[in-house]
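Q: I am attaching a structure below and will ask some questions about it afterwards.
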Ligand SMILES: C[S@@+](CC[C@H](N)C(=O)[O-])C[C@H]1O[C@@H](n2cnc3c(N)ncnc32)[C@H](O)[C@@H]1O
């Protein structure tokens, strides 16, 4: 890295923070549908006109808003994805990132204490609301990877599969649309049920999904018949290596001989080249007591320890990979 890049990195948080704040303040909603003056935006948000105008100009500077004389409008990508209520809305991830931002400002504190930052929710209602926001954010992220995941996972039409820590059920839902004779079980915390069933119903696949609420740290995945395959996508990083190995063993026990277990993770590169997924290590430091980021070799070792033979490793984006282990006949 050169000095210029170092200075640019120090400045760089401004664009992200401005986007997260503008989203949270409803600025993109206020600009939806066409050009508005700063005064009109300020009136609809009940904010100070001068400050609002300067924030709008700042948003032009980071490429999220366009300026036309005295008026402003969203750029096409913002209009399509970040205005609340649009069909392709992806703003949930911004709610998640806004909370992450406040946690990342506490890195030094957590480095000293070794204790993850406690969740902010104190009531059941708050916990449900946050779980739904969290997994809807996951939906936005996972939706970008559906095609690469589908290519990486050896599912055939008619297979029954289990998605452990399914989140919003993005992969189940999208895979079932492509596999009209398949069925699946979605396993996650009970709080996730409403989002999984609502999104599956909208996609027209709810009749082929069973939701099972539980705790993947302790539960056995016992169902009437074994599955053809099980998926663990972006879940083992919450766990210690020992807990992850135990979870993979229980997942392997739930699949038939000849079936598979697929582990999808933001992986750490080999020792001297951790790669872009390594940044996620900090997220695990701040948010979990025992979580970590794992290399493909470590994940392969966990699959092997569960009695599976690793048959493929496929990259799904610049940070994540899927490792598939096959159970003997
Ligand atoms: C990072 S999200 C991954 C969601 C989805 N698999 C994906 O790839 O988009 C992790 C999921 O694990 C679930 N989870 C975390 N701890 C759990 C536990 N102990 N038992 C069941 N589910 C859990 C969360 O509710 C969340 O849906």
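The values are calculated or read from the model by the stated rules, or taken from the named source; none is laboratory data. None of these values were measured; they are calculated from a predicted model. When we count neighbours, we look across all protein chains shown, and the Cβ atoms used for this are built from the backbone with ideal geometry, even at glycine.
Q: Considering only residues that are farther than 22 Å from residue 312 by Cβ and crowded, with 16+ Cβ neighbours inside 10 Å, which ones fall in segment 263-280? Even if it seems obvious, please write down each step before you answer.
A: From segment 263-280, those farther than 22 Å from residue 312 by Cβ are 271-272, 274, 278-280; that's our starting set.
Hit for segment 263-280 is 280, nothing else.
Q: What's the total number of residues in segment 156-175 that are within 15 Å of the ligand (Cβ to nearest atom) and more than 16 Å from the chain's Cα centre (by Cα)? Steps first, answer last, please.
A: Restricting attention to segment 156-175, the residues satisfying the condition of being within 15 Å of the ligand (Cβ to nearest atom) are 161-175.
Okay, now just the ones that are also more than 16 Å from the chain's Cα centre (by Cα), so 161-162, 175.
Here the count works out to 3.
Q: Something else about it: Against the definition (surrounded by 20 or more Cβ atoms within 10 Å (Cβ to Cβ) and more than 16 Å from the ligand (Cβ to nearest atom)), how does residue 78 come out, yes or no?
A: Numbers: surrounded by 20 or more Cβ atoms within 10 Å (Cβ to Cβ): yes; more than 16 Å from the ligand (Cβ to nearest atom): yes.
Judged against the criteria, residue 78 is a match.
Q: For residue 40, all conditions in the list (1) touching a residue at least 12 places away in the same chain (Cβ under 8 Å); (2) buried (at least 16 other Cβ atoms within 10 Å of the Cβ) hold save one; what is the number of the exception?
A: Of (1) touching a residue at least 12 places away in the same chain (Cβ under 8 Å); (2) buried (at least 16 other Cβ atoms within 10 Å of the Cβ), only one is false for residue 40: (1).
Q: Would you check if residue 260 is surrounded by fewer than 17 Cβ atoms within 10 Å (Cβ to Cβ), away from the ligand (no atom under 14 Å from the Cβ) and touching a residue at least 24 places away in the same chain (Cβ under 8 Å)? Walk me through how you get there before you give the answer.
A: Values: surrounded by fewer than 17 Cβ atoms within 10 Å (Cβ to Cβ): no; away from the ligand (no atom under 14 Å from the Cβ): yes; touching a residue at least 24 places away in the same chain (Cβ under 8 Å): yes.
Criteria not met by residue 260.
Q: Here's another thing I want to ask about it. Within segment 140-155, restricting attention to residues that are in a loop (DSSP other than H, G, I, E, B) and surrounded by 16 or more Cβ atoms within 10 Å (Cβ to Cβ), which residue is nearest to the ligand (Cβ to nearest atom)? Before you say what the answer is, go through the steps one by one.
A: Initially, segment 140-155 is screened for residues in a loop (DSSP other than H, G, I, E, B), giving 144-145, 153-155.
From the residues that got through so far, the ones that are surrounded by 16 or more Cβ atoms within 10 Å (Cβ to Cβ) too are 145, 153, 155.
On the way: 145: 8, 153: 12, 155: 15 Å.
So, considering only residues that are in a loop (DSSP other than H, G, I, E, B) and surrounded by 16 or more Cβ atoms within 10 Å (Cβ to Cβ), the one nearest to the ligand (Cβ to nearest atom) is 145.
Q: May I ask you to verify whether residue 191 is assigned by TED's automatic domain parsing to the domain that holds residue 167, in a helix (DSSP H, G or I) and within 10 Å of the ligand (Cβ to nearest atom)? Step through it out loud before you land on a result.
A: Details: assigned by TED's automatic domain parsing to the domain that holds residue 167: yes; in a helix (DSSP H, G or I): yes; within 10 Å of the ligand (Cβ to nearest atom): yes.
Taking the combined requirement at face value, the residue satisfies it.
Q: Within the bounds of segment 124-139, is there any residue that is away from the ligand (no atom under 15 Å from the Cβ) and not in a helix (DSSP H, G or I)?
A: No: zero hits.
Q: Of the residues 217, 238, which is within 14 Å of the ligand (Cβ to nearest atom), under 18 Å from residue 142 (Cα atoms) and touching a residue at least 24 places away in the same chain (Cβ under 8 Å)? Walk me through it before giving the result.
A: Working: 217 fails: under 18 Å from residue 142 (Cα atoms).
None of the other options fit; the residue is 238.
Q: Would a scan of segment 229-252 turn up a residue that is at pLDDT 95 or above and exposed (fewer than 15 other Cβ atoms within 10 Å of the Cβ)?
A: yes
Q: Turning to a different aspect of this structure: Taking residue 186 and the conditions (1) within 11 Å of the ligand (Cβ to nearest atom); (2) more than 17 Å from residue 132 (Cβ to Cβ); (3) in contact with a strand residue (DSSP E or B) (Cβ under 9 Å, 6 or more places away or on another chain), which numbered condition does it fall short on, given that it satisfies the others?
A: For residue 186, the exception is condition (2).
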